[in-house]
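Below is one structure, written out as structure tokens, with a few remarks after it.
What follows draws every value from the coordinates through simple rules; no lab data is involved. It should be emphasised that the depicted structure is a prediction, and the values quoted were computed from it without experimental measurement. In this analysis, Cβ positions are derived from the backbone assuming ideal geometry, glycine residues included, and neighbour counts consider all displayed protein chains.
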Amino acid sequence: MVREDLKLSQILTRQAFENAIVVNAAVGGSTNLIIHLLAIAGRIGVDLTLEDFDTIGSKVPLLVNLKPSGTYLMEDYYYAGGLPVVLKELSGLLHQNVITVNGKSLGDNNANAECYNNEVITPIEAPLKKEAGIAVLKGNLCENGAVIKPSAATPELMQHRGRAVVFESIEDYHERIDNPDLDIDASCVIVLKGVGPKGYPGMPEVGNVDLPEKLILQGVKDMVRISDGRMSGTAYGTVVLHVSPESSIGGTLALVQNGDMIELDVPNRTLHLDITEAELNKRKAAWIAPEPLADRGYVRLYLDHVQQADLGADLDILVGKSGAEVTRDLH
């Protein structure tokens, strides 16, 4: 790449980011991709938005029969032919002429890929699911957006209205979730606050919190869960993540109270807290911002500069491409 003067800016193009969104959908990939791609795009100077992940990826067929969206394991995916097979199957949905790090196009690199197990990697004509990808939600509970991975969720919960059971922090959750007296049933919506970029700090993978023990013992396998945190790509559940603005900076998530009704409507891409505008404004006026979790050092620098999830949770001082020009010679 050095000899050929092949730069990152020639590889990390808008078309390459669009390809990544499509492929992530087709493999049932993680919601974490959203955070990483938005941050990378911000640093390289490519205009990529949270909404792009829905408009570009949400209608892509699921081709890889891999947990949590399917049955098989990563090793099976590898032996079936792996990512090159998926890229070949998706040829009609991808920008084939984008340049890659070896100097060849994406299409040339995968033209000869061969599938060794069609149960693990399905042909695009007979996908595991007709639509996969990420759904981006909007509403008064997530004005700047939230995300959910439908391929890992329970279809019956894609449209759901339930009573909020609120945990103000991950410590609060661990302390109370298995209390037999906790007022919760399978129709409730678990709300976890304080796990966003600033709130934790660092936006941990805790969004797919475990269900209450008493409900698990009743046979409940999934519930709607909402947080400003993340979850692992290997996790299963009807889990709304990356709520923005996060609770720790006064997003509506901070104002949710026990007993509030919350409506999730994935087909219509909405997430709504069912209280009046007057009540919402009253709660906003009474809300008190938490004390910063650090007053010095790198953590304070992070808290002062980290962006919200819908922008990639990168530091704002790192946004914008640097370029290759050397402006001063020190020799």
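Per-structure values
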{"item": "The range 193-331: translational diffusion in µm²/s, Stokes-Einstein, Kirkwood Rh over Cα pairs, 37 °C, 0.692 mPa s", "result": "187 µm²/s"}
{"item": "Mean separation of Cα contacts under 8 Å, 6 or more apart, over the residue count of the chain: relative contact order %", "result": "20 percent"}
{"item": "Förster-model FRET efficiency, 22 Å R0, Asn118 and Asn97, C-beta, rounded to 0.05", "result": "0.20"}
{"item": "Sites Ile288 and Asp108 - FRET efficiency at Förster radius 51 Å, r taken between beta-carbons, to 0.05", "result": "0.30"}
{"item": "Quotient of Cα Rg and 2.2 N^0.38 Å for the range 135-258, N being how many residues it contains", "result": "0.97"}
{"item": "Hydrodynamic radius by Kirkwood, which averages 1/r over all alpha carbon pairs of the range 8-110, in angstrom", "result": "14.3 Å"}
{"item": "Extension gain from Ala278 to Thr71, taking 0.36 nm per residue of separation minus the Cα-Cα distance", "result": "69.8 nm"}
{"item": "Under the span-like rule (Cα at least 20 Å along the axis, Kyte-Doolittle mean at least 0.0), DSSP H helices of the chain", "result": "none"}
{"item": "The chain shape via C-alpha gyration tensor axes, a/c threshold 1.5", "result": "oblate"}
{"item": "Size of electric dipole in the range 8-110: Cβ of Lys, Arg +1 and of Asp, Glu -1, about Cα centre, debye, nearest 20", "result": "140 debye"}
{"item": "About the Cα centre, charge dipole magnitude for the chain (Lys/Arg +1, Asp/Glu -1 at Cβ), debye", "result": "540 debye"}
{"item": "Rough spin-label spacing in nm, given labels placed 7 Å along Cα→Cβ, for His331 and Ala186", "result": "7.2 nm"}
{"item": "Beta bridges by DSSP in the range 135-258, antiparallel share as percent, to the nearest 5", "result": "40 percent"}
{"item": "Set of aspartates and glutamates with alpha-carbon distance to Lys67 below 12 Å, sequence-local pairs under 8 removed", "result": "Glu75, Asp76"}
{"item": "Charge sum, other residues only, whose C-beta stays under 15 Å from Leu128's C-beta, Lys/Arg counted +1 and Asp/Glu -1", "result": "0"}
{"item": "Segment Asn140-Thr55, length gained on full extension (0.36 nm per residue, minus Cα span)", "result": "28.5 nm"}
{"item": "Listed pairs Lys221/Lys282; Lys59/Lys88; Lys130/Lys221; Lys138/Lys282; Lys104/Lys129; Lys198/Lys284 exceeding 26 Å between Cα atoms", "result": "Lys221/Lys282; Lys104/Lys129"}
{"item": "Centre separation in Å (Cα based) which lies between the range 263-331 and the range 84-146", "result": "29 Å"}
{"item": "Rounded FRET efficiency, nearest 0.05, which uses the C-beta distance separating Glu4 from His174 and R0 of 45 Å", "result": "0.30"}
{"item": "Inter-probe distance in nm under a simple model that places probes 7 Å from Cα toward Cβ, at Val220 and Asn258", "result": "1.5 nm"}
